[in-house]
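As structure tokens, the structure follows; a few thoughts come after it.
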Amino acid sequence: MRPTAVESSFEVACWFLDRATDDGEYLQPQKLHRLMFLAQAYFGVLQGSAKLMPATFIAMDEGPIEPTVFRAFARGRPAIDLKPIDELPRHILDSVWRQFGAHSAEHLNKLIKRHPPYADAYAAAPGAEIMFEGMVDFYGTQGLARRPSTGVLNDAPAPGKVLRPKVLRNHNGKPVSANRWMPKRAE
């Protein structure tokens, strides 16, 4: 099994909280858990089934939650030492924030509750684990593919729509296109 991109789910939770604060928004706990769930799923899709964080999501009545983060943040943000997040995971977190961060917690709840990874786990038993492989499989399907066994439409955005191209800026802050420089071969 490959190592996760970040050491703990606290780095991801705090990244989302800090990003919301930077955007002048209060991040509700339910919305935080939905964003973490989507980040784990899309990271797995985009990185060949690698996990973003060592997290287990469970299907509760209100939607998927990560129980460790849920308990640790129950009385507010805990005082913990965080490690910086590398560039690739940070880019994917930023893409998930841009795609889903503007939506309300209620909208994300309705959206995710319709998705088979959550619905299957909740149907098995409230509080059941949502399988990571199911998340990667469902969110990795492109467009509006029908799930073969149930005919359920996949209304999740395709990974290509979620992952935003990295924008490079010049010294004035204007976006620029850039190509990777490769030296010419010496002959």
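The values are calculated or read from the model by the stated rules, or taken from the named source; none is laboratory data. Bear in mind that the values here come from a model prediction, so they are computed numbers and not experimental data. Positions of Cβ are backbone-derived with ideal geometry, glycine not excepted, and every protein chain shown enters the neighbour counts.
Structure notes:
- Residue match in the range 123-143 (condition: under 14 Å from the mean Cα position of the chain (by Cα), within 20 Å of Pro54 (Cβ to Cβ) and either aliphatic (A, V, I, L, M) or modelled with pLDDT under 90 (or both)): yes
- Some residue of the range 36-51 being over 14 Å from Met135 (Cα atoms), out of contact with any Gly (no Cβ under 8 Å at 6 or more places or on another chain) and of a type in the set (A, V, I, L, M): no
- Residue check, Asp18 modelled with pLDDT under 95 and under 23 Å from Gly76 (Cβ atoms): no
- Of all residues making up the range 63-119, the number that are of a type in the set (Ser, Thr, Tyr), surrounded by 17 or more Cβ atoms within 10 Å (Cβ to Cβ) and over 16 Å from Gly44 (Cβ atoms): 0
The rows are residues; the columns are (1) part of a loop (DSSP other than H, G, I, E, B); (2) crowded, with 22+ Cβ neighbours inside 10 Å; (3) in contact (Cβ under 8 Å) with a residue 24 or more places away in the chain.
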site: Pro3; (1), (2), (3): yes, no, no
site: Glu7; (1), (2), (3): yes, no, yes
site: Val12; (1), (2), (3): no, yes, yes
site: Arg19; (1), (2), (3): no, no, yes
site: Gly24; (1), (2), (3): yes, no, no
site: Arg34; (1), (2), (3): no, yes, yes
site: Phe43; (1), (2), (3): no, yes, yes
site: Lys51; (1), (2), (3): yes, no, yes
site: Thr56; (1), (2), (3): yes, no, yes
